[in-house]
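What follows is one structure encoded as structure tokens, with my remarks underneath.
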Amino acid sequence: MRTGGRILVDALVGHGVDTAYCVPGESYLAVLDALYQVRDTLRLIVCRQEGGAAHMAEAHAKLTGEPGICFVTRGPGSTNASIAIHTARQDSTPLIVFVGQVGRDATSREAWQEIDYRHMFGHIAKWVDQVDDARRLPEFISRAFHVATSGRPGPVVLALPEDMLTDLVDVTDAPRYRRSSAAPAPDAMDALLRELETAERPLLVLGGGGWTREASDDITAFAHRFDLPVACAFRRQDLIDNHDDHYIGEAGLGMDPRIAQRIRDADLVIAVGARLGETSTQGYALLEVPRPHQRLVHVHPDPSELGHVYHADVPVNAAMPAFARAARALAPRQPVPWSAWTRAARADQLQYIEPPASMPGEVDLGLVMVHLRDTLPADTIVSNGAGNYTLWVQRFWRYRGLRTQLAPTSGTMGYGLPAAIAAKLVHPERTALCFAGDGCFLMSGQELATAVQYQLDVLIIVVNNGMYGSIRMHQERHYPGNVWGTALTNPDFAALARSYGAHGATVTRTAEFPEALQRARAAGGPALIELQVSGEALSPKLTVAALRAQG
Ligand SMILES: Cc1ncc(C[n+]2csc(CCOP(=O)(O)OP(=O)(O)O)c2C)c(N)n1
Ligand SMILES: [Mg+2]
């Protein structure tokens, strides 16, 4: 006989879980106690806010490909965690969030902190349910792992009534979950080959979730064999090594206009894993809805995504590894005619990653990025949240292949620090570099306490421009000069870091950065460098003055 809490935790161990993130609550004490019993097998990371905990679990999953696990309490715990459930949804990340729930005897009275999670998360979770019978825990948890990882990966929420967790029952554990994956039909691969045989300006766009190292290698080999230019969808730049001479850049928010033009000019777009969402199509403009002017081969692990927005000429329902393996086996029957098109795109990319001269302010973020990419190890994991500072990161950093980027396609602020913490837990030997804006950092900065508590030497760069710069940019565009609701008075970030027990430093001039970086890396613990940048530079190519002059 075991308690529900113990059956649940045994199930997690059985499915291969070695790390769980939480903010505790009295609603799931029995789970906490069961976690105490298995503390040598399954480590529990206690966090400071459920948004941080759940984003850590989400980033953990991005790095391992296995579901991230998070425990939160009912009511406010679950509403705090919802930010990451949304991230996992948009980012196609397998995530399982367990929520303590009121006892079954009080259900539907609006008991203290009671929420009906089926309603609350019905739209953003891939699956949400409540386990009312402890004897069914192995079934529900097995299903949670299968649902989270199958097809298009996504978030699962399971509510756990607290009295169910203390019930003593006799039940057998389920075996470890097994991943199923759809393989492309042979005629779909023939159709792809035919499309390539008649194309003159093809473009490969990679995106989505469910990638593996092997799939990334296979798709790279396919690109080489057909000499295809490869763009990555918004914040999916690590799907191919950016040093590869077929990589042509990111098709995301603020993309190089030349990439946008190439997508427009392409006569064949092969989208692999990418949904071709708003951020990668400039608001559904580069490809028209529902029928793009380009021929479209659309490969996606979820059949319901095919035809959801775009009518593809060749829709292919397949998991990334299976498709990439099949694509690697293809070969052109004659030399391809588009090599000049690929070379030109690559040349533009190489030029684009060199920062433009003279942006306003004493700290040039472009030069800082160049120093970082020249200095830090190739396997550094780079994380960020949302804000205009990410335009520099995603433009000038060169991602070195799969699982070197943690960046929310959901566009959530506050993601960078929790993600970097998860990166250090999954890969203690690698450098975890977090970028945050001054706005972004204070949305999850309390997790610096978590980094200190577990002695995780994340490296944080806070880009302080004294404002919600991204919104200021839109404001200047639409309501020039009416600066309202976007200015920020900030703490001394370096002193704040030191008060947590981390290393903290402030950089006010570009030339100070190399030494500050050296010291931060030598600090032997979490370290934060605040860059005091000018609010005049809105992006690597746009200043407030230039915007107002245009206006
Ligand atoms: C959780 C969340 N709240 C609000 C927004 C809207 N938003 C997008 S960028 C941004 C400003 C970010 O400011 P900061 O981190 O300082 O970066 P900056 O743009 O100044 O470089 C805001 C408020 C968002 N994306 N996510
Ligand atoms: Mg800012």
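Data for the structure
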| read-out | value |
| --- | --- |
| Accessible area of the chain divided out per residue, in Å², using a probe of 1.4 angstrom | 39 |
| Column: log10 I(q)/I(0), Debye, Cα scatterers of region 485-531, q = 0.20, 0.33 Å⁻¹ | -0.65, -1.17 |
| Which of TYR36, MET413, VAL269, positive extreme of dipole for the chain (C-beta unit charges) | VAL269 |
| Rg/Rg_ref, region 404-493, where Rg_ref = 2.2 N^0.38 Å and atoms are Cα | 1.24 |
| Loop-resident sites, region 36-133, for chymotrypsin sites (Phe, Trp or Tyr not before Pro), counting at most 10 other Cβ within 10 Å (DSSP) | TRP112 |
| Peptide ranges 299-305, 417-423 listed from the most packed, as the mean C-beta count within 10 angstrom indicates | 417-423, 299-305 |
| Carbon/sulfur fraction of accessible area - region 1-145, other protein chains in place, 1.4 Å, % | 48 |
| Lys/Arg +1, Asp/Glu -1 at C-beta; the chain dipole; positive extreme among LEU192, LEU376, VAL128 | LEU192 |
| Environment charge of GLY535, counting only residues whose C-beta is closer than 15 Å and scoring Lys/Arg +1, Asp/Glu -1 | -4 |
| Portion, in percent, of the accessible area of region 318-450 that falls on carbon or sulfur, probe 1.4 Å | 56 |
| Structure-based [θ]222 nm, the chain - -39500 (n - 2.57) summed over DSSP H runs of at least 4, per residue, nearest 500 | -11000 deg cm²/dmol |
| Proportion of all alpha-carbon pairs of region 347-502 beyond 28 Å (%) | 21 |
| Most to least packed among 276-282, 54-60, 516-522 [average Cβ atoms within 10 Å] | 54-60, 276-282, 516-522 |
| Descending principal axes extents, region 1-40, alpha-carbon based, whole Å | 26, 26, 15 |
| When the convex hull of its Cα atoms is projected in every direction, mean area for region 456-551 (nm²) | 7.0 |
| Cα centre as origin, Lys/Arg/Asp/Glu Cβ charges: the chain dipole, Debye | 660 |
| Size of charge dipole - region 223-328 - debye, nearest 20, with Cβ of Lys, Arg +1 and Asp, Glu -1, no other charges | 180 |
| Surface share of carbon and sulfur [accessible, 1.4 angstrom probe, percent] for region 465-548 | 52 |
| Where only C-alpha atoms are counted, convex hull volume of the chain per residue in Å³ | 150 |
| Over region 59-189, volume per residue of the alpha carbon convex hull, in Å³ | 122 |
| Global size of region 63-132 as Cα Rg and Dmax, reported in angstrom | 12.5, 41 |
| Per-q log10 I(q)/I(0), region 307-409, q = 0.12 Å⁻¹ (Debye; single scatterer per alpha-carbon; no solvent) | -0.69 |
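The values are calculated or read from the model by the stated rules, or taken from the named source; none is laboratory data. Model, not experiment: these values are computed from the prediction. We place every Cβ from the backbone using ideal geometry, glycine too, and count neighbours over all the protein chains shown. SASA here: full protein model, heavy atoms, side chains in, ligands and nucleic acids out. Shrake-Rupley method; radii C 1.70, N 1.55, O 1.52, S 1.80 Å.
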